[in-house]
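Shown next, in structure tokens, is the structure this report addresses.
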Amino acid sequence: MSDYLNHENARTPEQKALMERIEKDGVCPFCAEHFATYHPKPILKETEYWFFTENMSPYEGTRHHFIFVYKPAHISHIDELPPEAIVDLFALVNEATHRFSIIGGSFFMRFGETRYTGSSVTHLHAHLLMGDADASDHAPVRVKLG
């Protein structure tokens, strides 16, 4: 495990290959100055504290899967967030739920030591997802959260 990545929590072969490239580059893939280099999806909205985009490796069974990435600096724990960043995040999540008609979903944030969280990237970020309950082959979305 590097300072920025936990390879054990990668879920797909593509994710694992990308993580090897990032490891060689020695950077955090979620820091704002590096994000576009490694994440092919466009940023959908940016605020003073966050940007959000589609997850490039959505969890199986999701109709929507977005990530919200802390923008001003590399941090890994919620105790490093200024209070106004928390307010900003929830306003952005609320906007996303309306924009993408998320009528039911899950919102979670992994923080701190990745071996306890299931996260593959140490940079503080949050997930918003909606399962695809209308799909004929719908199965519950499975997420590692600890």
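The values are calculated or read from the model by the stated rules, or taken from the named source; none is laboratory data. Everything quoted here is computed from the prediction, not taken from an experiment. Cβ sites come from the backbone with ideal geometry, for glycine too, and all protein chains shown count toward neighbours. Only protein heavy atoms, including side chains, enter the accessible area calculation; ligands, DNA and RNA are left aside. Shrake-Rupley method; radii C 1.70, N 1.55, O 1.52, S 1.80 Å.
Things to note:
- Some residue of segment 109-127 being in contact (Cβ under 8 Å) with a residue 24 or more places away in the chain, over 26 Å from GLY26 (Cβ atoms) and in contact with a helix residue (DSSP H, G or I) (Cβ under 7 Å, 6 or more places away or on another chain): no
- The condition (being aromatic (Phe, Trp, Tyr), touching a Leu at 6+ places or on another chain (Cβ under 8 Å), under 24 Å from ALA133 (Cβ atoms) and open to solvent by 50 Å² or more (accessible area, probe 1.4 Å)) is satisfied by just one residue among PHE52, PHE107, PHE111: PHE107.
- Qualifying positions in segment 119-146 - within 25 Å of ALA85 (Cα to Cα) and buried (at least 19 other Cβ atoms within 10 Å of the Cβ): SER119, SER120, VAL121, THR122, HIS123, LEU124, HIS125, ALA126, HIS127, LEU128, LEU129, MET130
- Where PRO58 falls short, out of the listed (1) in contact with a Gly (Cβ under 7 Å, 6 or more places away or on another chain); (2) over 15 Å from CYS31 (Cα atoms); (3) of a type outside the set (Asp, Glu): (1)
- Taking the listed residues ALA10, ALA32, the one that is more than 16 Å from HIS74 (Cα to Cα) and open to solvent by less than 80 Å² (accessible area, probe 1.4 Å) is ALA10, with no other qualifying.
- Test: residue in segment 78-98 that is of a type in the set (Gly, Ala, Ser), out of contact with any helix residue (DSSP H, G or I) (no Cβ under 7 Å at 6 or more places or on another chain) and open to solvent by 50 Å² or more (accessible area, probe 1.4 Å): yes
- Number of the condition not met by ILE102 [criteria: (1) in a loop (DSSP other than H, G, I, E, B); (2) of a type outside the set (Asp, Glu); (3) surrounded by 15 or more Cβ atoms within 10 Å (Cβ to Cβ); (4) under 16 Å from the mean Cα position of the chain (by Cα)]: (4)
- Within segment 115-144, if we keep just the residues that are of a type in the set (A, V, I, L, M, F, W, C) and not in a loop (DSSP other than H, G, I, E, B), the residue that is nearest to ILE103 (Cα to Cα) turns out to be MET130.
- Any chance THR53 is assigned to a helix (DSSP H, G or I), among the hydroxyl-bearing types (Ser, Thr, Tyr), at pLDDT 95 or above and within 16 Å of the chain's Cα centre (by Cα): no
- All of (1) part of a helix (DSSP H, G or I); (2) within 23 Å of HIS138 (Cα to Cα) hold for ILE86 with one exception: (2).
- Test for LEU44: is it over 17 Å from THR114 (Cα atoms) and surrounded by 18 or more Cβ atoms within 10 Å (Cβ to Cβ): no
- Which listed residue, of TYR59, TYR38, TYR70, is more than 16 Å from ARG110 (Cα to Cα) and open to solvent by less than 30 Å² (accessible area, probe 1.4 Å): TYR38
- Residue within segment 20-27 that is open to solvent by less than 30 Å² (accessible area, probe 1.4 Å) and touching a residue at least 40 places away in the same chain (Cβ under 8 Å) present: no
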